[in-house]
Structures are given as C-alpha cells and as structure tokens.
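The values are calculated or read from the model by the stated rules, or taken from the named source; none is laboratory data. Source: prediction; values computed, not measured. Every residue, glycine among them, receives a Cβ derived from its backbone with ideal geometry; neighbour counts consider all protein chains shown. Calculation scope for accessible area: heavy atoms of the full protein, side chains included, ligands and nucleic acids excluded. Shrake-Rupley method; radii C 1.70, N 1.55, O 1.52, S 1.80 Å.
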Amino acid sequence: RTETRGARVRYSRIDRSIGLWLTQRADPDLLSQIEQAPLSQAYFGDLVLALQSTYLFHDTALSLLPRAQGADTVGEVADLLSRCQGVRRVLCGALVDGSLILSVRTASDAGNAAILVMQLLDGLGHGGGHEHRAGGKIAGVGGDGHIPAELEEEICRRWLTACNVEEHNGVRLVPTREILENL
C-alpha cells in the first residue's frame, strides 16, 4: 500500500492480482502495528525542521533538512509535502549518518521522478525509482553534521533546472514571521 500510495498510481493487472493475493494473506493486527507505530520525539523535531526548511518555487517544493533520525523520515516528509495544494514536484533531503538521503515525488502530470533524481544526482551520487516516487543518496557528506553550503546550492540549482523552474527566489512554506510569532 505504501508503494502504490493506496492504488493512486497506475499499475498492471498482474500488480493488482499480487496486491489482492497479499491482502488476503496479511495479518491486519500486524499491519496496524506497522502503520500506527509509535513515533519518537526526535521524529517530531525532524518534522518541524522539515516544514521550516521547505521552500516553494511555483509548483515545485524543496526541503533540505540539516539532519534526520532516519531515512524513512525523508520519504515521509516528501509524501506529506506532495499533498500540499498546488505542489506538483517535491525534493526532500536530509543528512542521515553522514550521507545526504533524497526523496522525490511527482504528481501524475509533473514528470518522471526517477528521471529527475538521476538528473539531480549525475556525478554526485546514485538513485532511482519509479514514475512518481524516487530516491537517492550522496555518500560521505556532512561529516560535521551540516550539508556543505556548496552542495546545498548545487542541489537547489540542479533541482530547479531539472524541473524547468527559472525563478530561483523561493518562498518559505511556513513564513518566518509565523514561526517567530508563535514562539
């Protein structure tokens, strides 16, 4: 269900039959435990960082977190941001154990996520995926716990270029004044 996003993506008759076969054999209690697993306090800190770090460039979102507790967080944030009204393409990245982990999501009419991630990572790292969900990794960065500024700028430039976004002045998803007013 996670990979097919609740069957919102196109898949073949064979995929549907495999999904039905698996569903008939699944343990509903175990699935519930997986889907509703307890989340650590650090997860919510990562989520706040992600929302504060997200910039919108027209219909394209970019969120680079200085860190995340795990690679799952990166994909979950990308999934969440892909639900933002008006957003058709999402790149989320975070440092996890000294590597920059990236997740890309695209709407059905907004390009191929696997192609976008490969363009983004050409010569920097590796990645792949599917038409609307993809990911990648740049190993050995951020030894000091921060994404190097040059790499962050390069990722931003490449992402906007791959998405054919000309304007490089993004707006924050959550304006700074809103963040500061609520402290």
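Data overview
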quantity	calculated
Failed criterion for VAL48 (all others in (1) surrounded by 15 or more Cβ atoms within 10 Å (Cβ to Cβ); (2) at pLDDT 85 or above hold)	(1)
Residue that is at pLDDT below 90 and either surrounded by fewer than 20 Cβ atoms within 10 Å (Cβ to Cβ) or within 19 Å of GLU154 (Cβ to Cβ) (or both), where the choices are SER53, SER32	SER32
Spans of helices (runs of 4 or more DSSP H) in the range 91-183 with at least 2 residues surrounded by 13 or more Cβ atoms within 10 Å (Cβ to Cβ)	113-121, 149-162
Residue match in the range 12-25 (condition: assigned to a helix (DSSP H, G or I), open to solvent by less than 40 Å² (accessible area, probe 1.4 Å) and modelled with pLDDT of 90 or more)	no
Options ASP79, ASP59; residue that is among the charged types (D, E, K, R), open to solvent by 10 Å² or more (accessible area, probe 1.4 Å) and within 23 Å of ASN169 (Cα to Cα)	ASP59
